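Everything on this sheet refers to the single structure shown next.
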């Protein structure tokens, strides 16, 4: 193979990478409103925390891709949607005290495409024993007109965040 072919391939790849992709230029998508989609993602997350706080784990799980959500927590994969629901019921469902009060805050949302976004939030699970503080990293997908969590990674500790006051208003 001559040297010209790899050089031509490299130049073609570089040119393709320099062009705006649909994932980077969301506003070029027909009818795409980035601000509205970002707010819809925030509202989906707020509905999930409200369902958790009511003890309605199935409604909480309505915010996850069913059955194919990928959920990583405590250094291991949960077994899809049903395995994640079973984990919540088993580990948090015995009482309101065990379930605690869940709050997401410090929302960071990046639109990747009209039907995909990255959501990173901090969370606080306030409960009498073993309160949790952590970060959720989520791949959100718009499926059937609804934003759902397709991939969720949780990193949690039992000590408060040093750089975020407890009485923060939850932005």
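Just to verify a result, which residue in segment 56-73, among those that are surrounded by fewer than 15 Cβ atoms within 10 Å (Cβ to Cβ) and in contact (Cβ under 8 Å) with a residue 24 or more places away in the chain, is farthest from residue 160 (Cα to Cα)?
68
Can you tell me which of 161, 133 is assigned to a loop (DSSP other than H, G, I, E, B) and crowded, with 16+ Cβ neighbours inside 10 Å?
One residue alone meets the criteria, 161.
Out of all the residues in segment 106-126, which are surrounded by fewer than 17 Cβ atoms within 10 Å (Cβ to Cβ), over 17 Å from residue 36 (Cβ atoms) and over 11 Å from the mean Cα position of the chain (by Cα)?
106, 126
For residue 140, are the conditions met, namely being in contact with a helix residue (DSSP H, G or I) (Cβ under 8 Å, 6 or more places away or on another chain), surrounded by 12 or more Cβ atoms within 10 Å (Cβ to Cβ), modelled with pLDDT of 95 or more and farther than 19 Å from residue 64 by Cβ? Even if it seems obvious, please write down each step before you answer.
Values: in contact with a helix residue (DSSP H, G or I) (Cβ under 8 Å, 6 or more places away or on another chain): yes; surrounded by 12 or more Cβ atoms within 10 Å (Cβ to Cβ): yes; modelled with pLDDT of 95 or more: yes; farther than 19 Å from residue 64 by Cβ: no.
No, not satisfied.
Would you confirm whether or not segment 38-46 contains a residue that is in contact with a helix residue (DSSP H, G or I) (Cβ under 8 Å, 6 or more places away or on another chain) and either under 20 Å from residue 127 (Cα atoms) or surrounded by fewer than 14 Cβ atoms within 10 Å (Cβ to Cβ) (or both)?
no
Okay, residues lined up against (1) more than 18 Å from residue 45 (Cβ to Cβ); (2) in a strand (DSSP E or B); (3) touching a residue at least 24 places away in the same chain (Cβ under 8 Å):
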site: 81; (1), (2), (3): no, no, no
site: 86; (1), (2), (3): yes, no, no
site: 97; (1), (2), (3): yes, no, yes
site: 102; (1), (2), (3): no, yes, yes
site: 148; (1), (2), (3): no, yes, yes
site: 153; (1), (2), (3): no, yes, yes
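The values are calculated or read from the model by the stated rules, or taken from the named source; none is laboratory data. Keep in mind the model is a prediction, meaning the values are calculated, not measured. Methodologically, a virtual Cβ is constructed for each residue, glycine included, from the backbone with ideal geometry; neighbour enumeration extends over all protein chains shown.
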